[in-house]
Amino acid sequence: RKEVEQDPGPFNVPEGATVAFNCTYSNSASQSFFWYRQDCRKEPKLLMSVYSSGNEDGRFTAQLNRASQYISLLIRDSKLSDSATYLCVVAEGAALIFGKGTTLSVSS
Amino acid sequence: EPEVTQTPSHQVTQMGQEVILRCVPISNHLYFYWYRQILGQKVEFLVSFYNNEISEKSEIFDDQFSVERPDGSNFTLKIRSTKLEDSAMYFCATSVGRDGEKLFFGSGTQLSVL
């Protein structure tokens with residue numbers, strides 16, 4: 001059974017903090033990886049794809065370690081608007097396999 | 001930005017009743033999906049649909065579930081005889097290609113089975 005595991009948190013951080021989320025996946029043959037963001041009772045929205053070489057989008061950096069089957073997301077200079085649940089996602093064929101998510105709460 | 005539209009936003013039904021959830025995909029998208037999220041749980045894949053047929057389905061998608069695109073616009077999920085455990089948020093998603101990177105989710109239908 002293909003699984004994606006995340007620390008559920010919650011992570012409570014002040015504005016401006018740097019926070020890191022981790023995720024592990026069970027299928028070593030997986031090829032595509034993503035971080036999605038989900039606000040309370042809303043639909044998931046793609047935050048960024050995760051590439052083997054690592055990739056950055058503004059304050060967000062994603063890393064993939066295929067050998068360890070480990071994915072990370074780093075958020076620098078946290079904003080109040082970053083408060084949400086961050087979902088680690090692995091593509092398996094046509095399906096996206098979601099982790100349960102890590103909840104982030106940024107306070108002023 | 002183009003949107004995936006889902007109706008209704010909320011549906012309350014009695015156990016054993018049939019429900020149909022509707023989705024209008026983004027116009028040039030070819031791949032359609034249904035996902036569900038039970039309260040407090042993770043988002044789960046149900047089914048993918050391409051070229052008017054199911055391309056992949058999960059073990060959740062049993063004989064009680066069916067999908068179709070009857071008129072070339074609406075993409076529907078039917079649950080034939082609802083159970084209490086079918087209560088969840090159901091998300092429709094669509095994409096141009098078979099590529100999770102460009103998956104657009106609708107805002108969901110909250111189904112409550114009483």
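Among the candidates A:87, A:104, A:74, A:80, which residue alone is touching a Pro at 6+ places or on another chain (Cβ under 8 Å) and over 27 Å from residue B:57 (Cβ atoms)?
Values: A:87 fails: over 27 Å from residue B:57 (Cβ atoms); A:74 fails: touching a Pro at 6+ places or on another chain (Cβ under 8 Å); A:80 fails: touching a Pro at 6+ places or on another chain (Cβ under 8 Å).
Testing whether each residue is touching a Pro at 6+ places or on another chain (Cβ under 8 Å) and over 27 Å from residue B:57 (Cβ atoms) leaves just A:104.
Quick check on segment A:10-56: of everything there that is among the small types (Gly, Ala, Ser) and open to solvent by 30 Å² or more (accessible area, probe 1.4 Å), which residue is nearest to residue A:89 (Cα to Cα)?
So, considering only residues that are among the small types (Gly, Ala, Ser) and open to solvent by 30 Å² or more (accessible area, probe 1.4 Å), the one nearest to residue A:89 (Cα to Cα) is A:32.
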> Any residue at all in segment B:107-114 that is touching a helix residue (DSSP H, G or I) at 6+ places or on another chain (Cβ under 6 Å) and more than 13 Å from chain A (Cβ to nearest Cβ)?
Replying inline: yes
> In segment A:67-104, how many residues are touching a residue at least 24 places away in the same chain (Cβ under 8 Å), open to solvent by 30 Å² or more (accessible area, probe 1.4 Å) and more than 29 Å from residue B:92 (Cβ to Cβ)?
Replying inline: 8
> Looking at (1) in a loop (DSSP other than H, G, I, E, B); (2) more than 30 Å from residue A:5 (Cα to Cα); (3) open to solvent by 70 Å² or more (accessible area, probe 1.4 Å), which is the one condition that is false for residue B:72?
Replying inline: (3)
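Would you kindly identify the strands (runs of 3 or more DSSP E) lying entirely within segment B:1-56 that contain at least 2 residues that are of a type in the set (A, V, I, L, M), crowded, with 20+ Cβ neighbours inside 10 Å and within 12 Å of chain A (Cβ to nearest Cβ)?
In segment B:1-56, B:43-50 are the strands (runs of 3 or more DSSP E) which contain 2 or more residues that are of a type in the set (A, V, I, L, M), crowded, with 20+ Cβ neighbours inside 10 Å and within 12 Å of chain A (Cβ to nearest Cβ).
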> Inside segment B:57-69, can you point out the residues that are part of a loop (DSSP other than H, G, I, E, B), within 14 Å of chain A (Cβ to nearest Cβ) and open to solvent by less than 80 Å² (accessible area, probe 1.4 Å)?
Replying inline: B:58, B:60, B:61
> Name the strands (runs of 3 or more DSSP E) wholly within segment A:1-71 that hold at least 3 residues that are more than 11 Å from chain B (Cβ to nearest Cβ) and out of contact with any Asp or Glu (no Cβ under 6 Å at 6 or more places or on another chain)?
Replying inline: A:11-14, A:19-25, A:55-57, A:60-65
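State yes or no: is residue A:81 out of contact with any His (no Cβ under 6 Å at 6 or more places or on another chain), farther than 19 Å from residue B:37 by Cβ, polar (S, T, N, Q) and part of a helix (DSSP H, G or I)? So that I can check it myself, show each step before the final result.
Numbers: out of contact with any His (no Cβ under 6 Å at 6 or more places or on another chain): yes; farther than 19 Å from residue B:37 by Cβ: yes; polar (S, T, N, Q): yes; part of a helix (DSSP H, G or I): yes.
Taking the combined requirement at face value, the residue satisfies it.
The values are calculated or read from the model by the stated rules, or taken from the named source; none is laboratory data. Please read these numbers as outputs of a predicted model, since none were measured by experiment. Neighbour counts run over all protein chains shown; Cβ positions are idealised from the backbone, glycine included. Note: areas computed on protein heavy atoms with side chains; ligands, DNA, RNA excluded. Shrake-Rupley method; radii C 1.70, N 1.55, O 1.52, S 1.80 Å.
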